[in-house]
Amino acid sequence: MSELRNVARAIPPMYIDDRSPDGHILVCTGGGTEHSFARRHLGLSVECPICGQIALSVDLISEFYRRALPVWTGDTRDHHESEPP
Ligand SMILES: [Zn+2]
């Protein structure tokens, strides 16, 4: 378990590059190379057909929206006037 300690989430091995009517365009950086592939349905997890890297779809989607919508990270708190001290 402890060997996962240094594997930070700063650089995800896989991310959604774009979404299209045909599905999701995923970019994987597993194995030291960058390669992309398309998935029509993400399902619960996504396995890279090239290097076998597996990512959870919920991580991919949250990361995608975090990059697409910076406001989504919750800075609306500052505008809550009714919030008690
Ligand atoms: Zn891969």
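Just so you know, all these numbers are worked out from the coordinates, no wet-lab data involved. All of these numbers come straight from a predicted model, not from anything done at the bench. Cβ atoms come from the backbone with ideal geometry, glycine included; neighbour counts cover every protein chain shown.
Between a first residue in region 35-55 that is on the phi > 0 side of the Ramachandran plot and a second residue that is surrounded by 15 or more Cβ atoms within 10 Å (Cβ to Cβ), which pairs have beta carbons less than 7 Å apart while being 6 or more apart in sequence or on different chains?
GLY43/SER57
Working only within region 18-35, note down all residues that are within 13 Å of the ligand (Cβ to nearest atom) and loosely packed, with under 13 Cβ neighbours inside 10 Å.
Passing the criteria: GLY32, THR33, GLU34.
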